[in-house]
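Input: a single structure, listed below in structure tokens.
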Amino acid sequence: DGPATAANFFDARTTDPVFNFDVPADGTYRLRITDSLNMLREDVRQTYRLVIRPQSADFRVVGVPQVGYSGVLLRKGGQAAIQVVAFRHHGFDQEILDKATNLPAGVTASEATIGPGKTSALLELRAAADAGPVIGQIALVAEATVDGQAISRPVRFGVVNWQGTMQQ
């Protein structure tokens, strides 16, 4: 369920299969899972995970630093941006409000709204010119209404893990 439109900065697409099955009647059903290449391998890393559950609308959000690959660097009098990326599940298409919490003194943050039909938005952090030095963590939280109930989810941080060779 990775947002394809976010592929430019955080590619979360997967080839893992997802199948929605509407049970036509009560009864016993049999499920067979095999490797799509029909290869037998004795490797503990080659595992299957099967999840069977009723569908329910939900969401998760990942925060990705817009500049840099290891975290957010915010200097005195400066600003930094975090791209918040929504992963919407089972038809959830409501507005998601993203906010920063646990901000150090002298640091403010905008709120970012990921609207219906959208997958990302930009949250901006600003440091006052007289902000003191801090090494610490901030937290982001995402809030939305799901099936008439207000819920909040922590925003997890992620960075792009580039693979390939470095050119000199």
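Brief remarks on what is shown
- Label positions at residue 47 and residue 76, each projected 7 Å from the Cα along the C-beta direction, are separated by 4.9 nm.
- Between the beta carbons of residue 143 and residue 108, assuming R0 = 25 Å, the FRET efficiency works out to 0.85 to the nearest 0.05.
- For the stretch 110-163, the alpha carbon convex hull comes to 157 Å³ per residue, rounded to a whole number.
- Computed from the Kirkwood radius of its Cα pairs, the Stokes-Einstein diffusion coefficient for the stretch 36-126 at 4 °C and 1.567 mPa s stands at 80 µm²/s.
- Each residue, residue 56 and residue 156, gets one label point 7 Å from its Cα in the Cβ direction; the gap between the two is 1.9 nm.
- FRET efficiency, residue 95 to residue 23 (Cβ-Cβ, R0 30 Å, nearest 0.05): 0.40
Just so you know, all these numbers are worked out from the coordinates, no wet-lab data involved. Model, not experiment: these values are computed from the prediction. Here the Cβ is made from the backbone with ideal geometry for all residues, glycine too, and neighbour counts use every protein chain on show.
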